[in-house]
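So the structure is just underneath, and the comments pick up after that.
Nothing in this text is a laboratory measurement; each read-out follows from the coordinates by a stated rule. On a predicted model such as this, the values are computed, not experimentally measured, just so you know. Please note: Cβ atoms are built from the backbone with ideal geometry, for glycine as well, and neighbour counts cover all protein chains shown.
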Amino acid sequence: MSQFEINAIGTVRSSRSEPEDDSWDDESSRIEMIAPFDSQSLMGLESFSHCIVVYVFDKAAWDESKMSRHPRGNKDWPEVGIFAQRAKDRPNRLGVTVCQIVKVEGSTVHVAGLDAIDGTPVVDIKPWMDEFGPRGDIAQPSWSTELMKGYW
């Protein structure tokens, strides 16, 4: 596989230190930027209601035995490949979440609904724009809707 380097631009600060699966909407978090990224790098972000946060599941592990599995180990749900689910144990351990921006304060972004634990490295923040959302009809299997019932 080709390799390349990605550097953290910030760190998640949260009261949650374990990667539990549910109730992430109850979590208020902040992203503290790492130098040289400061308040200048965040200018204008506060005018958006939401942002996309890209982060690294730095405490997760990958091995090929996880290539497919039942989501959350639930045998009532079908076995699906790693790319048909959003599990943290992934080949490149990247997470992506759309979060509500609560406020931008200096070099810190306060967000709601970020499903990342305290100390998680953040590798990018992008403003959410409707025009980048899905176009056309959306389809997903019923097991994924059931899985997400308590997530947010």
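Brief remarks on what is shown
- Violating pairs (Cα-Cα greater than 26 angstrom) within the set 103/126; 66/126; 88/149; 59/103: 66/126; 59/103
- Prolate/oblate/rounded label for the range 10-147 (Cα gyration tensor, a/c 1.5): prolate
- Seen from residue 12, the other residues with C-beta closer than 15 Å to its C-beta sum to a net charge of -2, counting Lys and Arg as +1 and Asp and Glu as -1.
- Each Cα pair under 8 Å and six or more residues apart adds its separation to the average, and for the range 10-147 the resulting relative contact order is 39 percent.
- Protection proxy ranking of 130-141, 24-35, 66-77 - average other beta-carbon atoms within 10 Å, highest first: 24-35, 66-77, 130-141
- Summed side-chain charge close to residue 66 - residues other than residue 66 whose Cβ falls under 9 Å, Lys, Arg +1, Asp, Glu -1: -1
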